[in-house]
Every structure is written in structure tokens, then in C-alpha cells.
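Student: To start, I am sharing the structure in question, which I have written as C-alpha cells.
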Ligand SMILES: [Zn+2]
């Protein structure tokens, strides 16, 4: 008998697919590595690009980008 799919894992995988960086910020190629991790309550992606060698962290902001400008 097959175990039912883990819904929580499926949701995580869905969120990962949605939020994982698709382009290297330096050259635009798909990052070779986009490893998701948590720092406190913030999700981050450690990325490494094999095309140009860029490495860094990308923090998804969700639906609304968090800006620093005051409200108009
Ligand atoms: Zn790159």
C-alpha cells in the first residue's frame, strides 16, 4: 500500500519552485545552485552561478517588494 504524499512537503516544494531565483543577477543565466535555507523567519536562497561564477544570497520578498521609501 502506497503512503499518501506528504502535503506539507508538497507545499514546500511548490513554494520553492515559485520563489527560487530563476536568473543569475549578474549575467541572467539560470543559477546552477539555488539552495533554500532559513535564517530566523526569513527564507533565503544561496545561489551559485556556473556561467559567471557569481555567488550570493537572494531573499524572496513575497508578493509585495519591501521598499525603503515612505508612503506617498
Ligand atoms: Zn551568472
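Student: Kindly indicate which of 36, 57 is away from the ligand (no atom under 16 Å from the Cβ), modelled with pLDDT of 90 or more and not in a loop (DSSP other than H, G, I, E, B).
Tutor: The unique qualifying residue is 36.
Student: Could you grab me the full set of residues in region 13-27 that are under 14 Å from residue 58 (Cα atoms) and in a loop (DSSP other than H, G, I, E, B)?
Tutor: Selection gives 20, 21, 22, 23, 24, 25, 26.
Student: Still on this structure, I have one more. Residue 50 versus (1) exposed (fewer than 14 other Cβ atoms within 10 Å of the Cβ); (2) within 16 Å of the chain's Cα centre (by Cα): which is the lone unmet condition?
Tutor: All conditions pass for residue 50, except number (2).
The values are calculated or read from the model by the stated rules, or taken from the named source; none is laboratory data. These numbers come from a predicted model, not from an experiment. Every residue, glycine as well, gets a Cβ built from its backbone with ideal geometry; the counts of neighbours run over all protein chains shown.
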